[in-house]
Amino acid sequence: MPQECAAPSPARRLRALPGVLLTVLLGALLGALLVGLSPAAQADGPDAPADPVRLVIATAGLNWEDISAETTPNLQCLADRSGAGAMNTTSSSVVSTKRQGMETLHTGYRGLAEKAPRTAGIPTPPTDQWEQLPVETVEVDAGGDADSTGASDTTGDVEVGDAASAISDALGTDAIVEVDVGSVPDHGDPGRAQALAALDERVGTVLDAAGGCGAEDLPRTLLVSVAATDPVDPDEMERTGVVASRTVGLQVALDSAFPGQALTSGATKQNGVVVLTDVLPTILDSYDVTADGPVPGQPLRGSDHEDPQQLALDRSQAAAQVDAATIPALGSWFALGVIGIVIMLVPSLARRPRLAAVGRTLAAIAPLALPVGLCASIIPWWRAENTTLALTGVVWGGCLLLTAIALAGPWRRHRLGPLGISAALVAAVILGESATGSRFQLGSPLGAQPISGGRFYGLSNHLFGMVLAAALMALLCLFAAVRTPRARVVWTLVVGAIVAAVCVAPSMGADFGSMLATIPAFGLLALLVSGIRPRIWHVLALCVAGAVAVLGVSFLDWLRPPEQRTHLGRFIDELLGGELISVIVRKLAQNIAMTTGYWALAVLMVLAIAASIAILMPRRLHWHRLAALDDLHPASYAVRVALVVGTWVGYAVNDTGPVLVAAIFGIWLAFLPAALPAPRPTGAEPTGADEAAGHPVAPR
């Protein structure tokens, strides 16, 4: 059996390692802090326009597939002279309703404050932020017959005549006008086409009252579809979420201040995608007014694009179709991994060298679908006639390319070489996508989904879980070839520094919780492979280092202009506002609610706890092959310790911890069987050469 190189004495280790440890660790932290000062993931566009918002046209159920020169000429005219974006309107209930959206326009928070759960973090009672504006607010209801619609001045509820006159009169003053032009029925409603035509006519009436769509002096106008639906019984809809199959989707957003540009905001940092909560900050910002308390959105900005309306349509179509196509596309590739796992875990199959080689290969390449699934929007698969088949082709094409890299290089001569390269590819592609601006996530199966609106850029918890799991498996395989403690420490710190820097940098991953888990995990691994026995103060110091690093990056992010900040910088705002305890309680409540609210996740968490214990005590559980792996490569045990620590620290410090745990153990479920030595027949004594090669050993 190959022996590990003799470790140096403790005295030599203590003399040699601190310099390397200190240099690499400080370099990693400094690099993360400096990267935090770099530009945001996507350009936020030019400076804010000088003109204040004067006209806000609100509707519901309007998406980009509805707008065309033939069917909606007035809407098309406004779109042609405005910035265009696909807008997320998610709320505190399963499906957003117009009632919720109209309140969001004034409060800046999603949903109805009086009905939202406490974990939503919505101030109750709600604050009408329009009261901060230095001008009067006029609300006009033009949802029915425009000639008979009333209007009211919110300062005194005074009737001012029909809608067109009310709009014209109000715009003749300094007032800001909010016009409700009604809504469009759900898809599948037989009267939808007629309702869409009527809506377009009402929008035309409003624009004519403002001077005409083609007028050069048209006041700055926002048109926003504030919700996916406007149900007859909003209480029942918000409670049950029972809707038509195509009701949930991205909505239309237009801002005449950015003609010919794609709308974006600091909240999404993605061209062509904005959030309903961005509308209020846009209005306040146009009047140089600060909100009464923090609000989640950021002002709308424009970004150059050759066809912003097509981009908004692409965003909408991809978001609407990705869920249905994801399972066939990814599942067809994962099926190969299931076959490989079965081969590797069934002793009678794993003892056959050729079959075992096939099983190892299939298990090792199965997770390659994850980074491909993150970047699938590189090819506009949603434009195909058969979107499921198109996405499946994209996934398989990308996976075959990465498979060729994993299997074709010189590393194929080492038993763990292809596995290590496969794991490294998973981590590298995911980190690379975030490091280059999160440009491919939207419209991809495993990316940030704009319809759900959790986040739109950087590393979500499931992506960080994939990175952590894949990076540690890559190190396990690397340690089979890199035998000296010093080299292992250096590799651990280098990989950990790269993961930490990309994960936490505001211009890249912008993931607050990742640093809190990365530094303890990789720092503990560095101690273990160095031969230094970890003490409790080591662990506490690593946790403190993670907290200091992420707070430092957050502070640097906070120093940037508000529209460029990520949620890291906005955390400092909450901290300075005395909201620390409420933020912690809210995130813990969300974590617990996710764990206990879904039976599948609850079962998965129980299995994850059992697996965490089991992989750290293979001899007591008579997991002979895992114990044999530790005999061949003792560093594999240290890697598993770091994995378990990183997993559960990550679970504790994130609001969607169960998703992180599922991602980590899902990847290792495929990778670990591929790393195991072949089982030996009963009564056989292992030999080093055969075990290292993964061959079964004949009994003596």
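Tabulated data for the structure shown
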| read-out | value |
| --- | --- |
| Of all residues in segment 344-360 being in contact with a helix residue (DSSP H, G or I) (Cβ under 8 Å, 6 or more places away or on another chain) and over 17 Å from L626 (Cβ atoms), the one that is modelled with the lowest pLDDT | L349 |
| Of all residues making up segment 301-312, the number that are touching a residue at least 12 places away in the same chain (Cβ under 8 Å) and open to solvent by 40 Å² or more (accessible area, probe 1.4 Å) | 3 |
| Check on G409, surrounded by fewer than 22 Cβ atoms within 10 Å (Cβ to Cβ), closer than 15 Å to A675 by Cα and not basic (K, R) | no |
| Per-region count, segment 509-535, residues in contact with a Phe, Trp or Tyr (Cβ under 9 Å, 6 or more places away or on another chain) and open to solvent by 10 Å² or more (accessible area, probe 1.4 Å) | 3 |
| From L355, L431, L349, L402, residue being within 21 Å of G666 (Cβ to Cβ), without any contact (Cβ under 8 Å) to a residue 40 or more places away in the chain and in a helix (DSSP H, G or I) | L402 |
| Conditions (1) open to solvent by less than 50 Å² (accessible area, probe 1.4 Å); (2) more than 28 Å from W623 (Cα to Cα); number of the one not met by G337 | (2) |
| Residue count for segment 158-185, restricted to those that are more than 18 Å from M102 (Cα to Cα) and either outside any helix (DSSP H, G or I) or of a type in the set (V, I, T) (or both) | 10 |
| Any pair with Cβ under 8 angstrom, 6 or more apart, that starts in segment 594-616 at a residue that is without any contact (Cβ under 8 Å) to a residue 40 or more places away in the chain and under 20 Å from A675 (Cβ atoms) and ends at one that is aromatic (F, W, Y) and surrounded by fewer than 17 Cβ atoms within 10 Å (Cβ to Cβ) | A614/W623 |
| Qualifying position, being closer than 30 Å to L478 by Cα and either of a type outside the set (K, R) or under 23 Å from the mean Cα position of the chain (by Cα) (or both), among A517, A593 | A517 |
| Residue match in segment 598-615 (condition: closer than 30 Å to P123 by Cβ, surrounded by fewer than 16 Cβ atoms within 10 Å (Cβ to Cβ) and not basic (K, R)) | yes |
| Number of the exception - W130 against (1) part of a helix (DSSP H, G or I); (2) open to solvent by 20 Å² or more (accessible area, probe 1.4 Å); (3) at pLDDT 75 or above | (2) |
| Criterion: polar (S, T, N, Q), open to solvent by 10 Å² or more (accessible area, probe 1.4 Å) and either over 30 Å from G249 (Cα atoms) or not in a helix (DSSP H, G or I) (or both) - qualifying residue of S444, S422, S438, S452 | S452 |
| Where R619 falls short, out of the listed (1) open to solvent by 60 Å² or more (accessible area, probe 1.4 Å); (2) under 22 Å from L528 (Cβ atoms); (3) part of a helix (DSSP H, G or I) | (3) |
| Single residue of R560, R483, R533 found to be under 30 Å from P281 (Cα atoms), in a loop (DSSP other than H, G, I, E, B), modelled with pLDDT under 85 and among the charged types (D, E, K, R) | R560 |
| Residues satisfying the stated conditions in segment 283-300, i.e. open to solvent by less than 20 Å² (accessible area, probe 1.4 Å), of a type in the set (S, T, N, Q) and within 15 Å of P561 (Cα to Cα) | Q298 |
| Filtered residues of segment 201-228 (kept if closer than 17 Å to E65 by Cβ and either surrounded by fewer than 24 Cβ atoms within 10 Å (Cβ to Cβ) or free of Cβ contacts under 8 Å to residues at least 24 places away in the same chain (or both)) | none |
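The values are calculated or read from the model by the stated rules, or taken from the named source; none is laboratory data. For clarity, every value in this text was computed on a predicted model and none was experimentally measured. Note that we place each Cβ from the backbone using ideal geometry, even for glycine, and neighbour counts take in every protein chain shown. Calculation scope for accessible area: heavy atoms of the full protein, side chains included, ligands and nucleic acids excluded. Shrake-Rupley method; radii C 1.70, N 1.55, O 1.52, S 1.80 Å.
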